[in-house]
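Bear in mind these aren't lab numbers, they're just calculated from the coordinates by the rules spelled out. The shown structure was predicted, so the numbers you read here are calculated from the model rather than taken from an experiment. Don't worry about glycine lacking a Cβ; one is built from the backbone with ideal geometry, like all the others, and counts go over all protein chains shown.
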Amino acid sequence: FISVQLVIYQVGLIPSQFYEVLSEKNYGKLKNLVLFAVMLILINSTLKSLDQYISSLLYVSWRKSLTEELHSTYFNGHVYYTLNVLCKDIDNPDQRISQDVERLCKQMSTMASRLLISPFTVTYYTYQCFNSAGWIGFVSIFGYFVVGSIINKILIGPIVSMLVEQEKLEGDFRFKHMQIRVNAESAAFYRAGKVEHMRTDRRLQMLLSTQRSLMNKELWLYIGVNTFDYLGSILSYILIAIPIFAGDYDGLTPGELSALVSKNAFVCIYLINCFTQLIDLSTTVSDVAGYTHRIGELREVMAYIAKKQCVYFYTFSFYFNFRSIDDERILKYLELVGLSNLLTRIGGLDTKVDWSWYDVLSPGEMQRLCFARLFYLQPKYAVLDEATSALTEEAEGQLYKACKQLGISLISLGHRSTLKKHHDIMLRLCGGGQWELTKLKEAPSQTSDYLEEGWGEHQ
């Protein structure tokens, strides 16, 4: 990085040397200077390309390290399941791990060389500026940088939070399209195209509204950055004019004065450019701050889940509810579905187990356990797809009766004719896009929930 700056300095002095050679009309010096300039340009191009190549290597290395570190926690036990299914405190973990990490590492790699070399370049060109323009030039440029930094600090404040919100909405919009892709067959079966169109457009409008607000805030930041860039070039010539109008260079020939002005202009302009690059980083820093916040938030939540998952995932009581556990109600509904003996088999509600429920329980027991969880959660509506296929008709009647007593409206899919007596309406799918709706019995007048009940039979 330092070698690049040394070559840039030599390249910056080339114009002043051309002024001097051309004013002298010295052909020999001109030929040597052209060869020297071409050599410097080739070296400069090679070193800059190496700089970009090293930045790309850093990007790949940082992304690999950060992503693998997040993966190690994400796939630890059942963290990924809790994060995507049960935990509502974090949005779009897939976007944070893939897209946000990629953008963060990309931005950091582009900033790395500037941040590493800036102290050296600022120190060196400050010394050169002090020699060419005196303390007035030195103080003026530093004062200009301080004012620009304060203005950009004020302008960048509201952008970070807005960027975080934009990335959240970007993830929501992409996730909605992913849902449609995965569930395209179901959506088409239910003719849900118009509904999904409306919902997707709503998310798009929310995203675009936030993007417009972000652009409005970034506009003032861009105005500040660009103004700072162009005013710097004017300031450099004002600083060069001070010793000229003071008479310090009256004894020089026009050619020597042109060469000196070119050299001093390069020093002052490049020092201002060093500060300008730091100011320009404010737009990148706002992006980095937003991505860092989202990734840091994800790491905190995953670390918390990983720490607690031994309780969340390996106990019987977790099967019923993620947030709050009521042991008495669990025991009550286990007895209601005929699974009280399970507690004896596993040793209690909070006993950790190292086996899969699907491997140990019979199909009938799994169906009873699902009903126990349904009774525990008591939703207003429940869709049961062959939910009693492994149970006796007597057990089926008891479970449906319990659903009715708890006020749960049911939509059942199945082939058993015994399901008809537990429902009010039957929807028969006849194939070829044909269907038939039959009223099985009058809905009880005391509650309108039964109007939502139904029985569907596959053909």
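In the range 327-439, Cα pairs under 8 Å separated by at least six residues give a relative contact order of 21 percent. Geometric descriptor of the range 157-281, per residue, is 139 Å³ (volume of the convex hull of the Cα atoms). Rounded to the nearest Hz, the phi-derived 3J(HN,Hα) couplings of the range 165-181 under the Karplus curve 6.51 cos²θ - 1.76 cosθ + 1.60 (θ = phi - 60°) are 5, 4, 5, 5, 5, 4, x, 4, 5, 5, 5, 5, 5, 5, 4, 5, 5, where x marks glycine and proline.
Of the chymotrypsin sites (Phe, Trp or Tyr not before Pro) in the range 347-432, the ones in a loop by DSSP (not H, G, I, E or B) with at most 10 other beta carbons within 10 Å are Trp355. With the simple spin-label model, which puts each label point 7 Å out from Cα in the Cβ direction, the Asn84 to Lys420 separation comes to 4.2 nm.
The gain in end-to-end length when the Thr438 to Gln205 segment is fully stretched comes to 79.7 nm, 0.36 nm per residue minus the alpha carbon separation. Between His197 and Asp91, what FRET efficiency follows from the Cβ-Cβ distance if R0 is 22 Å, with the result rounded to 0.05? Result of the calculation: an efficiency of 0.45. Scoring 203-216, 333-346 by mean Cβ neighbours within 10 Å over their residues and listing the highest first yields 333-346, 203-216. Other residues lying with their Cβ under 15 Å from the Cβ of Tyr125 contribute a combined charge of +2, Lys and Arg counting +1, Asp and Glu -1.
Computed from the Kirkwood radius of its Cα pairs, the Stokes-Einstein diffusion coefficient for the range 368-410 at 4 °C and 1.567 mPa s stands at 124 µm²/s.
Label zone (Tyr222, point 7 Å along Cα-to-C-beta; backbone nitrogen cut-off 16 Å) within the range 190-209: none. Would you compute the Debye intensity of the range 108-208 from its alpha-carbon atoms alone, equal scatterers and no solvent, and pass along log10 I(q)/I(0) at q = 0.12, 0.23, 0.24 Å⁻¹ to two decimals? Values returned for q = 0.12, 0.23, 0.24 Å⁻¹ are -0.67, -1.17, -1.20.
Taking the empirical scaling 2.2 N^0.38 Å for compact globular proteins as reference, the range 223-305 has a Cα radius of gyration ratio of 1.88.
For the peptides 40-49, 118-127, the ranking by packing is 118-127, 40-49, with the highest mean count of neighbouring Cβ atoms within 10 Å listed first. The coefficient of translational diffusion for the range 327-439, derived via Stokes-Einstein from the alpha carbon Kirkwood radius under 10 °C and 1.306 mPa s, stands at 102 µm²/s.
Projecting label points 7 angstrom from Cα along Cα→Cβ for Leu343 and Val182 puts them 3.6 nm apart.
Under a 5 Å amide H cut-off, with hydrogens placed 1.01 Å from N, Ala387 pairs with Leu413 among residues at least 5 apart or on other chains. What FRET efficiency comes out for Leu252 versus Phe120 if R0 is 30 angstrom and r is the Cβ-Cβ distance? Round to the nearest 0.05. For R0 = 30 Å, the calculated efficiency reads 0.45.
Can you work out the base-10 log of I(q)/I(0) for the range 1-313 at q = 0.08, 0.11, 0.15 1/Å, using the Debye formula on its C-alpha atoms alone? Those come out to -0.57, -0.87, -1.24, one per q.
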